[in-house]
Amino acid sequence: MPANALTAANAGSGKLNLLGLPSERLAQFFEGLGEKPYRARQIMRWVYQRHVLDFEDMTDLSIALRQRLGGVAELAVPPLLSEERSADGTRKWLLDVGAGQAVESVFIPEPNRGTLCISSQAGCALDCSFCATGRQGFNRNLTSAEILGQVVYARRQLEPAEVTNVVFMGMGEPLANYRNVVPVVKLLLDDRAFGLSRRRVTISTAGLVPQIRKLADECNTALAVSLHAPTDDLRDELVPINRIHPIEELLDACWQYAERIASRQITFEYVLLDRVNDDVAQARQLVKLLRGRPAKVNLIPFNPFRNSGFACSAPEAIDRFWQTLRAAGIVATIRRPRGDDIAAACGQLAGRVSDRRRVRLGEKLSGADNL
Ligand code: SAH
């Protein structure tokens, strides 16, 4: 086994978890065993297309190779802690990622598609003031195996229903875990693995500008940006990363990104908070930022959680905000809450984050020893 493969070995079992390994790494692994690199393709087909995780069941590998693989490697998805089903068909899984941490993934069935929302971190450090995950603090980045394991797990559970879309809108900030997220995105897009189209894999970010720029070079998948406010003053409060990368800088990176992607459009998420960011004047400010640009807006009625300190905008306010955008020629949709009866809606995912380092970006940036 090559040395770099060993570094990914699962600390618990001492075996290398092959899940989520980039195809070149997998080929190297087989070369290290004295096998032909095409074995990587065989394994990828078994795991990502047929959802088979037991080497014993991989009938086009020799029995000797299956046994050898069982000795040195594994295909481990995070174990299930609990599952909930919403009245609207949404399903939520709480998966154990060890040491008291658990993350959530959510499947949202719709008539013509099935969207899986996955987590990229245990907790989150970005401290957006209206997000339940942010309140938990941050524990750690998930590994590629833990991120991809959520997709494999869901697909096994859901068969014959299909996961047609994957969105990184669960717990955590995917671009703050860039190193582990990008290999997952590549496998989601790879025809030898999941083979999803670029438009069906969406990374959602609070606005990590350097990583947005880098991503455009590496895998230009669909991008959603959590804007939530039309001015820096307000965005500084709601999304503290804005104090490092303000709106103008963020939008500039977005327009450059849009030129590189097939859909040529960035989705801007805008959570509607009662009397905070939902009046018509603010909708007009938003229009000024986005008009004539490759942008569409996804308005998200705020999903409440305990002690959030925010309320959802009134239906009339939501409608007025939407109408103002539309009248100005901006494509805007209102996201219908799904799975809110099982706390599976946007921003409600709390998982279990124990032993968190109290990294709260907002506090850190307001403190005396500023960054
Ligand atoms: N860190 C990424 C992914 C987070 S969650 C990001 O910020 O984009 C996906 C979306 O849910 C984000 O737009 C986030 O701002 C939004 N969200 C967070 N809390 C919410 C809440 N309580 N109600 C509605 N949307 C929320």
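Values in this text are rule-based calculations from the coordinates and carry no lab data. Worth saying up front: this structure is predicted, and the values here are computed from it rather than measured. Glycine gets a Cβ as well: all are built from the backbone with ideal geometry, and neighbour counts include every protein chain shown.
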**Asked** What pairs can you find where one residue is in segment 16-45 and part of a helix (DSSP H, G or I), the other is surrounded by 18 or more Cβ atoms within 10 Å (Cβ to Cβ) and of a type in the set (S, T, N, Q), and their Cβ atoms are less than 8 Å apart, with a gap of 6+ or different chains?
**Response** A40/S23; R41/S23; M44/S23
**Request:** Pull up segment 324-342, narrow it to residues that are in contact (Cβ under 8 Å) with a residue 40 or more places away in the chain and of a type in the set (A, V, I, L, M, F, W, C), then point me to the one that is nearest to C128 (Cα to Cα).
**Result:** I342
**Asked** Do the conditions hold for K288, that is, is it at negative phi and exposed (fewer than 14 other Cβ atoms within 10 Å of the Cβ)?
**Response** yes
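Checking the conditions here, which among R50, R68, R45, R39 is over 28 Å from E162 (Cβ atoms) and basic (K, R)? Lay out the reasoning, then the answer.
On the way: R50 fails: over 28 Å from E162 (Cβ atoms); R45 fails: over 28 Å from E162 (Cβ atoms); R39 fails: over 28 Å from E162 (Cβ atoms).
That would be R68, the only listed residue that is over 28 Å from E162 (Cβ atoms) and basic (K, R).
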**Prompt:** Among the listed residues A161, A229, A224, which satisfies the condition of being part of a loop (DSSP other than H, G, I, E, B) and either within 13 Å of the ligand (Cβ to nearest atom) or at positive phi (or both)?
**Reply:** A229
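Check V297, V276 and return the single one that is more than 11 Å from the ligand (Cβ to nearest atom), closer than 30 Å to I342 by Cβ, part of a loop (DSSP other than H, G, I, E, B) and among the hydrophobic types (A, V, I, L, M, F, W, C).
Numbers: V297 fails: part of a loop (DSSP other than H, G, I, E, B).
It is V276.
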**Prompt:** Looking at L238, is it farther than 30 Å from Y38 by Cβ and within 14 Å of the ligand (Cβ to nearest atom)?
**Reply:** yes
**Request:** Can you tell me which residue within segment 279-294, out of those that are more than 25 Å from the chain's Cα centre (by Cα) and either basic (K, R) or within 12 Å of the ligand (Cβ to nearest atom) (or both), is nearest to Y257 (Cα to Cα)?
**Result:** R291
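For E84, indicate whether it is touching a residue at least 24 places away in the same chain (Cβ under 8 Å) and closer than 30 Å to A132 by Cα.
Numbers: touching a residue at least 24 places away in the same chain (Cβ under 8 Å): yes; closer than 30 Å to A132 by Cα: yes.
Taking the combined requirement at face value, the residue satisfies it.
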**Complete:** Within segment 182-204, restricting to residues that are within 11 Å of the ligand (Cβ to nearest atom) and surrounded by fewer than 23 Cβ atoms within 10 Å (Cβ to Cβ), the one that is nearest to R284 (Cα to Cα) is S204
**Request:** Residue by residue through segment 205-220, note down the ones that are part of a loop (DSSP other than H, G, I, E, B) and within 14 Å of the ligand (Cβ to nearest atom).
**Result:** A206, G207, L208
